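Peer 1: Sharing a structure below in structure tokens format, with a few things to ask.
The values are calculated or read from the model by the stated rules, or taken from the named source; none is laboratory data. Computed from a prediction, not measured in an experiment: that's the story for all the values here. Because the Cβ atoms are built from the backbone with ideal geometry, glycine has one as well, and the counts that use them run over all protein chains shown.
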Amino acid sequence: MTTAQTPGHGPLAGVRVVELAGIGPGPFAAMLLADLGADVVRVDRPGGTSLAMDPAYDITNRNKRSVLIDLKSSDGPARVLDLAERADILVEGYRPGVAERLGVGPDACHARNPALVYGRMTGWGQEGPLAGRAGHDIAYLAPTGVLGMIGDPDGPPAVPANLLGDYGGGSLYLVVGVLAALHHARATGTGQVVDAAIVDGAAHLATMIHGMLAAGRWQDRRHANLLDGGCPYYGTYETADGRYMAVGALEQQFYDEFLRLLDLTELAPARKDWTRWGELREKIAARFKSRTRDEWTARFEGTDACVAPVLSLREAAQHPHLAARGTFTGHGGITQPAPAPRFSATPTAVRTGPARPGADTAAVARDWDLPAHPHPDDLARDGD
């Protein structure tokens with residue numbers, strides 16, 4: 001049984017969003033809009049996407065509804081344009097030119113709805129030599145300089161899952177963009193195209209680092225800087241049980257507390273003397289190896305030393321602070337991050353589980369007052 005959109009949940013209640021089904025950053029961006037209360041209708045294709053995953057577990061489709069439309073059928077584009085006519089935002093993640101060839105590009109949509117915000121999510125962007133090239137998160141991060149910043153200096157750059165490119169440089173920038181454009185559309189009646197490229201967003205995330213580089217405060221190599229693991233009091237250390245603690249004791253008062261709790265106060269002068277950072281790192285590493293992660297967690301509990309245990313995904317939901325805040329929630333038997341951020345007047349929630357492809361077609365047609373399209377077989381009979 002499907003659940004209709006519950007009104008009044010979140011600051012985007014009343015906003016209508018069409019999502020043309022894809023994988024990765026587009027669906028996550030649409031989930032963010034849905035979490036914030038928007039009525040997100042995902043247009044799924046027959047046969048699904050290339051993501052080999054049971055739809056019941058694809059929680060990036062939570063809080064959405066789904067209709068099934070074959071864009072390559074005779075009436076497919078018209079049905080999407082009917083949705084676009086009634087929507088505030090449309091999100092698609094095709095390669096440049098594909099939506100146009102399918103008949104649902106920005107010009108076709110704006111002809112029906114001039115105020116529509118048309119959000120485009122790609123890796124390379126809509127223009128440039130690589131715009132039509134395939135790729136994934138790691139390939140988009142590589143040329144921006146961001147991937148090369150991460151990891152041990154004696155090994156290859158570390159792979160940050162697909163969090164930094166797809167979701168950090170992609171989804172979040174698309175959401176900021178379409179919400180800014182929605183504000184403009186509601187003030188002026190004029191919609192526009194939002195070109196959100198992962199390469200642009202990932203590069204933009206490093207804005208502060210570029211400033212530090214220009215000022216001579218950042219070295220253009222890995223593990224040599226204050227925030228990239230090069231600093232011995234900003235990094236991770238293995239404990240006696242093979243687990244890890246994270247240290248971020250940057251400021252003087254936090255550094256002093258950190259050394260006090262490690263019983264290494266004699267190393268206080270090494271904080272600003274980078275020639276002693278090797279010595280400092282060795283002493284800190286040796287001290288952490290002397291106790292388990294849980295013992296160190298207890299040791300630093302209630303202090304301002306800026307030290308925390310490194311937890312696994314399954315452990316995270318049990319962390320006392322995150323549990324108290326409800327950072328994770330359960331829905332449909334799946335433990336998952338709760339919507340974020342939080343709002344005092346328009347609280348958000350996980351209202352429904354992952355949308356099942358096509359399950360909400362009738363409800364969306366009713367709620368959005370969509371016109372009926374004759375079946376192609378009926379058109380063929382009419383022509384006889």
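Peer 1: Please verify whether segment 301-322 includes one or more residues that are touching a helix residue (DSSP H, G or I) at 6+ places or on another chain (Cβ under 6 Å), among the β-branched types (V, I, T), in the same structural domain as V175 (by TED's automatic domain parsing) and at pLDDT 95 or above.
Peer 2: No.
Peer 1: Mind listing just one residue for me: the one in segment 288-310 that is surrounded by fewer than 17 Cβ atoms within 10 Å (Cβ to Cβ) and among the charged types (D, E, K, R) and, of those, farthest from R243 (Cα to Cα)?
Peer 2: This residue is D304.
Peer 1: Further question: Has segment 69-89 got any residue that is crowded, with 17+ Cβ neighbours inside 10 Å, under 20 Å from the mean Cα position of the chain (by Cα) and charged (D, E, K, R)?
Peer 2: No, because not a single residue in segment 69-89 is crowded, with 17+ Cβ neighbours inside 10 Å, under 20 Å from the mean Cα position of the chain (by Cα) and charged (D, E, K, R).
Peer 1: Out of the residues in segment 83-99 that are of a type in the set (A, V, I, L, M, F, W, C) and in contact with a strand residue (DSSP E or B) (Cβ under 8 Å, 6 or more places away or on another chain), which is farthest from V17 (Cα to Cα)?
Peer 2: A99
Peer 1: Okay, next question. Identify, please: which residue in segment 220-242 is under 21 Å from T297 (Cβ atoms) and surrounded by fewer than 17 Cβ atoms within 10 Å (Cβ to Cβ) and is, among those, farthest from the chain's Cα centre (by Cα)?
Peer 2: This residue is A240.
Peer 1: Of all residues in segment 33-78, which are among the small types (G, A, S) and assigned to a loop (DSSP other than H, G, I, E, B)?
Peer 2: Listed by number, the residues that qualify are G37, A38, G47, G48, S50, A52, S73, S74.
Peer 1: Quickly run through segment 104-137 and pick out the residues that are assigned to a helix (DSSP H, G or I) and either at pLDDT below 95 or among the aromatic types (F, W, Y) (or both).
Peer 2: Scanning segment 104-137 gives no hits.
Peer 1: Would you check if there is a residue in segment 255-264 being under 25 Å from D154 (Cβ atoms) and out of contact with any Gly (no Cβ under 9 Å at 6 or more places or on another chain)? Show your work before the answer.
Peer 2: Residues of segment 255-264 that are under 25 Å from D154 (Cβ atoms), as a first pass: none.
No; the residues of segment 255-264 include none that is under 25 Å from D154 (Cβ atoms) and out of contact with any Gly (no Cβ under 9 Å at 6 or more places or on another chain).
Peer 1: Next question. Looking at segment 177-190, is at least one residue more than 30 Å from E251 (Cα to Cα) and outside any helix (DSSP H, G or I)?
Peer 2: Yes, segment 177-190 contains at least one residue that is more than 30 Å from E251 (Cα to Cα) and outside any helix (DSSP H, G or I).
Conditions tested, residue by residue: (1) within 20 Å of E266 (Cβ to Cβ); (2) free of Cβ contacts under 8 Å to residues at least 40 places away in the same chain.
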position	(1), (2)
A285	yes, no
K289	yes, no
T292	no, no
D304	no, no
E315	no, yes
I334	no, no
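Peer 1: Name the one entry in A298, A285, A365 that is within 30 Å of V175 (Cβ to Cβ) and either of a type in the set (A, V, I, L, M, F, W, C) or in contact with a helix residue (DSSP H, G or I) (Cβ under 8 Å, 6 or more places away or on another chain) (or both).
Peer 2: A365
Peer 1: Of A111, A161, which residue is surrounded by fewer than 17 Cβ atoms within 10 Å (Cβ to Cβ), within 19 Å of the chain's Cα centre (by Cα), in the same structural domain as V80 (by TED's automatic domain parsing) and small (G, A, S)?
Peer 2: Working: A111 fails: within 19 Å of the chain's Cα centre (by Cα).
When all the criteria are applied, what remains is A161.
Peer 1: Going by the conditions given, is A340 farther than 14 Å from V67 by Cα, small (G, A, S) and at pLDDT below 95?
Peer 2: No: the conditions fail for A340.
Peer 1: Right, here's the next one. Under 6 Å by Cβ, and 6 or more places apart or on different chains, what pairs join a residue from segment 16-41 that is over 17 Å from R79 (Cα atoms) with one that is among the hydrophobic types (A, V, I, L, M, F, W, C) and assigned to a helix (DSSP H, G or I)?
Peer 2: Matching pairs, first to second residue: A29/L174; A29/V175; L32/V175.
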